1. What full-extension length gain, to one decimal in nm, is calculated for VAL251 and MET291 as 0.36 nm per residue of separation minus the Cα-Cα distance?
2. Measure nothing but the geometry: give the 0 to 90° angle between the long axis through the Cα atoms of 322-343 and the longest principal axis through the Cα atoms of the chain, rounded to 10°.
3. Got a sec? Charge dipole of the chain, +1 on Cβ for Lys and Arg, -1 for Asp and Glu; which of GLY455, GLY138, PRO31 is way out at the positive end?
4. Quick one: net charge of LYS69's neighbours, Cβ under 15 Å, K/R +1, D/E -1?
5. Separation between the LYS133 and PHE11 pseudo-spin-labels, each 7 Å from Cα along Cα→Cβ, expressed in nm?
6. Computing the accessible area with a 1.4 Å probe over protein heavy atoms, can you report the carbon and sulfur percentage for the chain?
7. Specify the angular offset, from 0 to 90 degrees and rounded to the nearest 10, of the alpha carbon long axis of helix 363-381 from the longest principal axis of the alpha carbons in the chain.
8. Compute the angle between helix 149-160 and the longest alpha-carbon principal axis of the chain, please, reported from 0 to 90 degrees and rounded to the nearest 10.
Amino acid sequence: MSEANAHLPEFSKLRAFLWPVHRFELKKFLPMFILFFLIFFDYNVLRTMKDALVVTAKSSGAEVIPFIKVWVMFPCAILMTWVFTRLSNRLSFEKVFYSIMAIFLGYFIIFAFFAYPARESLHANILADELQKSLPPGFMGFIAMIRYWLFTSFYVMSELWSPIILSVLFWGFANQVTKIGEAKRFYGLFGVGANISGAAAGALSYLVCLREYNPNIPLGHDAWEQSMIMQILLVVVAGLVAIALFRWMHVTVLPDPRYYDPTELKKEDKVKGKLSMRENFSILFKNNYLMLIAIIVISYNLVINLVEVVWKHEVRNLYPNAQDFNMYMGKITFLTSIVATLSAMIISGNSIRKFGWRATALLTPAVLFVTSIGFFGFIFVQDIVTLSSFAYVGGSALAIAVFFGSAQNIMSRAAKYSVFDATKEMAFIPLDPEEKLKGKAAIDGVGSRLGKSGGSVI
């Protein structure tokens, strides 16, 4: 197959720029493209809803997010990585995918149709009131995390979708079945699919929240509850389609030696039975290459969390209503996806092919550095600039702070989706199956959460 690839005709300049996929590769590429689209669609829908639930709850705010990420998110990331490890020791990767997807989709169904309608009786109001009497005001976020533990659990499961479903499961699968030569051409296009799905998710979230309460729909007791249930139904349907597509690939695509070397499966099977949490993390300290990937992932998540918490605090002040907050975040998701799509089409794949991995990988920290300075610079300046100055440019200090934060979030997220993810995943491909499996479980399962928790502690 490698000899056949060597004699394939080169793409035209335009096709190499926009669509560097050979016709015979479509049977493999398109299902993976759609699978990534669906998983990323769910990620974006959940990302807007989780913030709306915990940030806009009564007596809560953006200050609850750091407490959740330190006290709940990080331990749960370790727990889910342990679950993945235990399942991987007993089941094939295909069955692990189905099992973990079932855990997540099952939770969202239970939350929407059983837990959320009974939230008033389930929330720990009595315990939270007692804590409020004894703890200082700085623990308001901690108290809100306890009081609205049901919303906290939704936030955690939604947040875990990215490291577990997207990073460990999808990218683990993609790195297993994709050759380095294919990755240079495919992964940039996967970024395009992810960004299109983000635009779809943002637009749908916004449109669903525009609807007023409809008493003829037998779901929910107000407009926000109805829109939330509809969004969760979209997540579940997309997840079920992703499971069906994953199964179809294993039945019709991977058995074909043109698309996947069966000996690689045997290598993966040899790793089974050796996985343990201790070994997953010890391999990072034994392998400098994996340790550098871990540092990159932790650093990115630390920086992005430092900025996001401050920005979401400003957004909550501007949009205190859950439905309005969700609509605004849907707009940001849509705009992020548009910018990221253009970036993926123009920059990501072409930069990797023309300038190499290193130059492309450096784009994300450069964008984070510049945009973060712009946002925090304005936050500091708005304290000393008079309100009349803001009125002169046509907006309040709060609205302009939200604008600068939104611009930073759009640019940094677009860089992540189009450049950071592609270069990070390419870095795993040269590793042997054992290093790849254990390294990804430790780095994507826990490392990313460690970065966000570190940002929350700061």
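The values are calculated or read from the model by the stated rules, or taken from the named source; none is laboratory data. Given the structure is predicted, the values throughout are model-derived calculations rather than measurements. Reconstructed Cβ throughout: ideal geometry from the backbone, glycine too, with neighbour counts over all protein chains shown. Surface areas here come from the heavy atoms of the whole protein model, side chains and all, with no ligands, DNA or RNA. Shrake-Rupley method; radii C 1.70, N 1.55, O 1.52, S 1.80 Å.
1. 10.8 nm
2. Computed tilt is about 30 degrees.
3. Of the candidates, PRO31 comes out farthest on the positive side.
4. Working: positive: ARG47, LYS50, LYS312, ARG449, LYS452; negative: ASP51, GLU63, GLU159, GLU308.
Neighbourhood net charge equals +1.
5. 6.7
6. On the way: 13710 of 19850 Å².
Taking all protein chains in place, the chain shows 69 percent carbon and sulfur surface.
7. On a 0 to 90 degree scale, this one is about 10.
8. Here the helix axis deviates by roughly 30 degrees.
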